[in-house]
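Peer 1: Take this structure first; my questions come after.
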Amino acid sequence: MLEEKEYLTKEKHEEFKIELEFLKHDKRREIAQNLEYAKSLGDLSENAEYHTAREAQAKLEDRILKLTDLIKTAEIIDNHDKKTVSAGSVVTIKRKDTGDTYEYTLVGSEETDMSTGKISNKSPLGQAMIEKKKGEDFTVMTPGGEVVYTIQSIK
């Protein structure tokens, strides 16, 4: 199965690289020390500290694998077409029925943050906007029914 591209801004890519280095060095060392301490407590079959440390180690290794893959394969959002909506676009949309306007930045799913107006290119709204041009209408299916928006601007 072909995986969809994951998009990252340069800043988020760097942030993930820093996190990965921290996890690979500092956090691994900390968990190794916790495991050694837990082993020193004796019987491992009934040793809660040991099982907790092993669980933390498994979660850490999963995160390291995910970040390594993401850093290696992500497409960096740099320059984007300002005539059509794509990853990296800052889009102002207007809801047809109410006239309400919204501004969103289209980012990869790893950077989604509604509190700052960053929506995923994989979200229903994000997918509906992709490749639309200024002045174009698009429809999004919501729990309350279909909602029609118009692209007001693309930066």
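Peer 1: Does Glu110 qualify as being assigned to a helix (DSSP H, G or I), of a type outside the set (Lys, Arg) and either in the same structural domain as Gln127 (by TED's automatic domain parsing) or on the phi > 0 side of the Ramachandran plot (or both)?
Peer 2: Against the criterion (assigned to a helix (DSSP H, G or I), of a type outside the set (Lys, Arg) and either in the same structural domain as Gln127 (by TED's automatic domain parsing) or on the phi > 0 side of the Ramachandran plot (or both)), Glu110 qualifies.
Quick grid of which residues meet (1) over 27 Å from Lys118 (Cβ atoms); (2) surrounded by 13 or more Cβ atoms within 10 Å (Cβ to Cβ):
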{"residue": "Glu6", "(1), (2)": "no, yes"}
{"residue": "Leu20", "(1), (2)": "no, yes"}
{"residue": "Gln33", "(1), (2)": "yes, no"}
{"residue": "Lys39", "(1), (2)": "yes, yes"}
{"residue": "Leu44", "(1), (2)": "yes, no"}
{"residue": "Leu65", "(1), (2)": "no, no"}
{"residue": "Leu70", "(1), (2)": "no, yes"}
{"residue": "Ile77", "(1), (2)": "no, yes"}
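Peer 1: Failed condition for Gly88, given (1) surrounded by 15 or more Cβ atoms within 10 Å (Cβ to Cβ); (2) without any contact (Cβ under 8 Å) to a residue 60 or more places away in the chain; (3) under 25 Å from Glu15 (Cβ atoms); (4) not basic (Lys, Arg), with all others met?
Peer 2: (2)
Peer 1: Can you find a residue that is farther than 21 Å from Glu6 by Cα, among the β-branched types (Val, Ile, Thr) and either out of contact with any Asp or Glu (no Cβ under 6 Å at 6 or more places or on another chain) or modelled with pLDDT of 95 or more (or both) anywhere in the stretch 44-66?
Peer 2: yes
The values are calculated or read from the model by the stated rules, or taken from the named source; none is laboratory data. All values derive from a computational prediction rather than experimental measurement. Here the Cβ is made from the backbone with ideal geometry for all residues, glycine too, and neighbour counts use every protein chain on show.
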